[in-house]
Amino acid sequence: MRKKLVALVLILMMLGTVAGCAKTGTQTGTAPDILKVAYLADPQGLDPQRTAAVATFNITGNIFEGLLAVTPDWEITPRLAESYTISPDGMEITFKLKKGVKFHNGREMTAQDVKYSFERLKGEDSPKAGDYKNISKIEVVDDSTVKFTTASLDVELAKAFCYPWAVIVPAEADANLKTNPVGTGAYKFVEWIPQQQVMLTRFDEYHGEKAKIKDIGLVLIPDATSQLAALQVGDVHITEVTGNQIKLLKEDPKFQVYTEAMNATQLLALNMENKALSDIRVRQAIAKAINKDDIINTVVWGYGDKVGSHLPVNYPDYVDTNNVMAYDPDGAKKLLADAGYSQGLTLKLTLPKSYQIHVDTGQIIADQLSKVGITADIEIIEWGQWLSDVYTAKKYDMTVVALSGRLDSRYFLKRYRSDSKDFVSLISGEVDQLLDESGKETDPAKRKEIFQQIQLILAEKLPAAYIQTPHKLFGMAGNVEGFRIYPIDIYEYKDVSFKK
Amino acid sequence: MLNYIYKRTSHALQVLFVVSVITFAVLLWIPGDPAQLMLGADATPERLQTLRTALGLDRPWYVQYWEWLKGFVQLDLGKSYLFGQNVSTLIAQRLPVTMSIAVFSMLMAAVVALVLGALAAIKKNSTIDYFSTIVIQLASSVPSFWIGMIFIVYFGIRWQWFPVAGYVPPQQGIGPYLASIALPSIVLAIGEVGMLLRTVRTAMLDAINQDFMDMARVKGLSGFTIYFKYALRSAMIAPLNVMGLQFAKLIGGTVVVESVFALPGIGRLILVAVEQRDVFLLQGLVMFVTTLVILIALLVDIAVMFINPRIRVEMQGE
């Protein structure tokens with residue numbers, strides 16, 4: 001009996017081998033009608049108004065749409081709105097809705113849906129509700145006109161309507177959006193098998209230009225090396241890759257590589273409530289002791305741009321501050337001696353385990369700091385613990401993390417107000433007034449000037465030592481066209497096609 | 001016999017209870033707030049509080065535990081707040097994957113270990129014995145993620161014999177299904193074969209030196225019958241126990257292999273549940289795995305009983 005069983009198993013295994021060959025053998029040929037994309041982490045449900053997870057927005061950006069949208073080049077364009085006007089005092093924004101927009105359930109979208117969706121976004125269990133507190137009134141003027149009124153002036157109001165959570169959802173699908181999303185996007189939802197895949201298919205009644213590829217298969221591959229392998233054998237067409245993998249793909253004409261600076265800043269946050277770090281000379285010494293080029297070349301294989309202040313390099317308001325506190329270990333030693341730490345200084349460096357890039361960066365920084373006499377005691381903790389201990393309770397001396405940006409500088413920089421209670425903040429208050437001014441200034445050119453001033457102050461006062469704008473790196477099959485990286489957490493697959 | 005069943009069941013329930021309390025307590029004690037993890041870094045304290053209330057996380061731990069226990073005895077494992085689906089559904093989706101690779105890898109490891117282990121013991125200090133020692137050393141020391149990578153590079157990318165990642169359910173074709181679990185099963189089998197092989201060899205050596213073997217030889221039985229019918233059978237007790245433990249370990253999850261081969265198995269689900277502090281999901285998974293482990297231990301005991309008449313006699317005499 002046992003022998004028979006073993007024989008049976010061996011035969012089955014052999015059959016599997018043969019069938020496996022057959023399957024992988026048929027993958028060449030004409031352009032496929034399904035685009036397969038690998039992703040690393042599962043979405044936290046597919047309701048973009050009930051999560052803060054980037055993994056969710058990456059997917060729902062194709063299913064749901066907002067009144068406005070942003071292009072890869074940071075331009076604001078109407079999407080579900082046909083046009084919009086802002087009142088002269090800047091307190092009201094009125095949207096004229098596009099006609100004939102349908103939800104995936106077949107019903108036409110109306111102004112009521114817009115009102116409903118934004119009330120839902122402002123609702124109790126919406127993580128982003130705080131961002132829309134300032135909207136005090138939502139009025140349905142007529143079937144295709146909606147007016148939003150703000151409590152106080154917000155000069156960047158329009159941008160609030162571009163984000164992947166500021167989307168229009170049909171009330172009747174509300175209860176199940178987390179597992180069965182219904183929107184107006186170019187792709188409609190087919191199925192989600194957690195930790196396995198998400199399937200989308202073209203929405204044929206889409207109001208704009210229809211998606212070029214019929215089906216999208218998003219495949220969860222939790223390991224970076226396996227993702228690359230899947231691309232190499234043709235199981236997926238697009239996958240994120242790491243800097244060391246890029247070389248391999250560049251040498252092979254069957255593949256292409258696409259990289260772009262992220263809308264994010266990697267920094268070494270310095271807790272100004274720590275006694276030593278409250279001394280600006282110590283913070284400046286730390287900044288001068290860090291060789292950013294070394295970090296970028298080792299940790300991300302050169303795929304990063306060093307920064308001297310908080311805004312990423314691709315930000316419209318960016319100003320180059322790299323020379324304000326350039327690498328200068330001797331200067332660092334002198335500053336430390338001036339501050340009374342010529343005998344050395346020990347600080348704790350807390351690193352989030354889930355993010356290898358920050359752990360690696362932290363280890364290099366610790367080594368660089370040791371050369372000027374600062375001992376960094378590394379403590380590596382889990383992301384959940386990082387959020388509660390470092391981010392919320394501010395129990396840390398130094399930590400490496402990346403903060404991702406929004407579309408307006410003010411939102412990105414407001415954590416530096418002395419009263420922000422944020423884990424990284426300029427508690428001495430040097431940028432408070434400028435931040436207030438930027439909120440009232442309606443002239444974009446003048447606003448830009450204010451933001452540049454703030455960047456210069458941060459580069460000198462250093463509530464954090466700024467490291468780099470990391471890049472997003474993608475490996476793609478050679479025949480994929482039209483895939484772009486956006487300044488917010490979305491990828492629009494409707495513009496992607498296969499070269500003939 | 002009834003008495004025995006009663007004893008085993010009451011033991012099992014006690015174990016389940018203790019394990020459930022420990023899981024619950026550990027998840028509450030380790031730092032990290034599920035509400036914060038869900039709402040992300042932008043969340044305000046008020047919003048965090050609202051969510052905690054909505055999830056029932058602001059109630060005392062014993063109330064939360066009692067609620068969970070009430071559901072559990074009615075076989076309701078609750079809902080995962082991470083996925084928004086029933087915990088039992090999530091486990092059911094992953095079970096075929098984990099079961100498949102656990103069964104196949106165990107079978108492969110068992111076949112290799114039994115044949116090689118028995119031969120090594122019979123022909124002690126021969127070439128085959130040395131070969132088995134090398135297999136034991138290599139299989140126990142090479143890390144599974146590395147073997148996984150090597151397999152992917154050669155069998156997946158270079159020769160394209162097997163898919164590099166992902167799981168194909170048997171409903172979509174038995175061939176693709178077996179192909180999708182072949183590499184991970186082999187990798188896991190390699191991880192288990194060393195320990196099992198050593199156990200088989202030692203037990204077999206021990207059996208060969210027993211008195212009843214002389215008896216069998218004197219009776220003039222053939223070598224095959226002597227070794228594979230009598231010696232191996234009496235030598236099976238220790239390997240069976242090892243196999244039970246190994247199988248239980250495989251069911252409990254093999255996070256590394258599941259990640260490398262992108263298999264949606266129990267191991268990765270447990271990992272996500274811990275990382276995201278998804279209490280109900282983790283609790284359900286731990287209960288499920290514990291139940292399976294208890295059942296496997298029971299099956300091993302029964303199997304040993306069938307193999308070894310002496311234990312059957314002791315049972316009856318009890």
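The values are calculated or read from the model by the stated rules, or taken from the named source; none is laboratory data. Note that the structure is a prediction, hence the values are computed from the model and not measured. Cβ coordinates were reconstructed from backbone atoms using ideal geometry, including for glycine residues, and neighbour counts include every protein chain displayed.
List of remarks:
- Qualifying residue in the range A:82-96 (condition: within 15 Å of A:Val169 (Cα to Cα) and within 28 Å of the chain's Cα centre (by Cα)): no
- Check on A:Glu437, acidic (Asp, Glu) and assigned to a helix (DSSP H, G or I): yes
- Search result, residues across the range A:204-229 that are within 14 Å of chain B (Cβ to nearest Cβ) and either over 24 Å from the mean Cα position of the chain (by Cα) or under 15 Å from A:Gly183 (Cβ atoms) (or both): A:Ala229
- Criterion (more than 14 Å from chain A (Cβ to nearest Cβ), surrounded by 21 or more Cβ atoms within 10 Å (Cβ to Cβ), at pLDDT 90 or above and within 15 Å of B:Thr202 (Cα to Cα)) met by exactly one of B:Ala113, B:Ala120: B:Ala120
- Residue match in the range B:238-253 (condition: closer than 30 Å to B:Trp161 by Cα, out of contact with any Pro (no Cβ under 7 Å at 6 or more places or on another chain) and within 14 Å of another protein chain (Cβ to nearest Cβ)): yes
- Subset of the range A:368-394 that is assigned to a helix (DSSP H, G or I) and more than 17 Å from A:Gln266 (Cβ to Cβ) - its residue that is farthest from the other protein chains (Cβ to nearest Cβ): A:Ser370
- The range A:443-500: number of residues that are buried (at least 17 other Cβ atoms within 10 Å of the Cβ), among the aliphatic types (A, V, I, L, M) and not in a strand (DSSP E or B): 10
- Test: residue in the range A:225-236 that is closer than 30 Å to A:Lys250 by Cα, among the polar types (S, T, N, Q) and in contact with a strand residue (DSSP E or B) (Cβ under 7 Å, 6 or more places away or on another chain): yes
- Scope the range A:278-301; condition outside any helix (DSSP H, G or I) and modelled with pLDDT of 95 or more; matching residues: A:Asp279, A:Ile290, A:Asn291
- Leading residue by the ranking (nearest to the other protein chains (Cβ to nearest Cβ)) among those in the range A:174-192 that are aliphatic (A, V, I, L, M) and buried (at least 19 other Cβ atoms within 10 Å of the Cβ): A:Leu177
- Odd one out for A:Gln195, checked against (1) within 14 Å of another protein chain (Cβ to nearest Cβ); (2) buried (at least 18 other Cβ atoms within 10 Å of the Cβ); (3) assigned to a strand (DSSP E or B): (3)
- In the range B:3-48, the qualifying residues are those that are of a type in the set (S, T, N, Q) and away from every other protein chain (no Cβ under 14 Å), and the one that is surrounded by the fewest Cβ atoms within 10 Å (Cβ to Cβ) is B:Asn3.
- Among the residues of the range A:340-362, those identified as among the aliphatic types (A, V, I, L, M) and not in a strand (DSSP E or B) are A:Ile357, A:Val359.
- Applying a threshold of 8 Å to beta carbon distances and a minimum spacing of six or more residues, or different chains, the list of pairs starting in the range A:358-376 at a residue that is within 16 Å of A:Ile296 (Cα to Cα) and ending at one that is assigned to a helix (DSSP H, G or I) and aliphatic (A, V, I, L, M) reads A:Asp360/A:Val299; A:Thr361/A:Ile295; A:Thr361/A:Val299; A:Ile364/A:Ile295; A:Ile364/A:Val299; A:Ile365/A:Ile295; A:Gln368/A:Ala289.
- Whichever residue in the range B:125-175 is farther than 23 Å from B:Arg198 by Cβ and touching a Gly at 6+ places or on another chain (Cβ under 7 Å) and, among such residues, is nearest to the other protein chains (Cβ to nearest Cβ): B:Gly175
- Note on the range A:263-277: among residues that are of a type outside the set (S, T, N, Q), touching a residue at least 40 places away in the same chain (Cβ under 8 Å) and not in a helix (DSSP H, G or I), the one that is surrounded by the fewest Cβ atoms within 10 Å (Cβ to Cβ) is A:Glu273.
- For the range A:431-447, the set of residues classified as of a type in the set (D, E, K, R) and without any contact (Cβ under 8 Å) to a residue 24 or more places away in the chain consists of A:Asp432, A:Asp436, A:Glu437, A:Asp443, A:Lys446, listed by residue number.
- Set A:Gly45, A:Gly25: member being within 30 Å of A:Leu231 (Cα to Cα), surrounded by 22 or more Cβ atoms within 10 Å (Cβ to Cβ) and either modelled with pLDDT of 85 or more or within 14 Å of chain B (Cβ to nearest Cβ) (or both): A:Gly45
- Among the residues making up the range B:200-227, a single one is surrounded by 17 or more Cβ atoms within 10 Å (Cβ to Cβ) and aromatic (Phe, Trp, Tyr): B:Tyr227.
- Residue list for the range A:117-149, restricted to those being surrounded by 18 or more Cβ atoms within 10 Å (Cβ to Cβ) and either closer than 30 Å to B:Arg52 by Cβ or within 14 Å of chain B (Cβ to nearest Cβ) (or both): A:Ser117, A:Phe118, A:Arg120, A:Leu121, A:Ser126, A:Pro127, A:Lys128, A:Ala129, A:Asp131, A:Tyr132, A:Ile135, A:Ile138
- Screening the candidates A:Ile63, A:Ile138, A:Ile59 for the property of being part of a strand (DSSP E or B) and hydrophobic (A, V, I, L, M, F, W, C) yields one hit, A:Ile138.
- Inter-residue pairs, beta-carbon under 7 Å, first assigned to a helix (DSSP H, G or I) and in the range A:212-234, second polar (S, T, N, Q) and surrounded by fewer than 23 Cβ atoms within 10 Å (Cβ to Cβ), 6+ apart: A:Ala224/A:Thr242; A:Leu228/A:Gln245
A quick yes/no check of all residues on (1) more than 24 Å from B:Ala41 (Cα to Cα); (2) small (Gly, Ala, Ser):
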| position | (1), (2) |
| --- | --- |
| A:Gly405 | no, yes |
| A:Tyr411 | no, no |
| A:Ser425 | no, yes |
| A:Gly439 | no, yes |
| A:Lys446 | yes, no |
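- Positions within the range B:123-143 being over 21 Å from B:Ala231 (Cα atoms), among the β-branched types (Val, Ile, Thr) and surrounded by 12 or more Cβ atoms within 10 Å (Cβ to Cβ), in sequence order: B:Val135, B:Ile136, B:Val142
- Test for A:Val114: is it buried (at least 16 other Cβ atoms within 10 Å of the Cβ) and assigned to a strand (DSSP E or B): no
- Residue within the range B:281-301 that is within 12 Å of chain A (Cβ to nearest Cβ) and modelled with pLDDT of 90 or more present: yes
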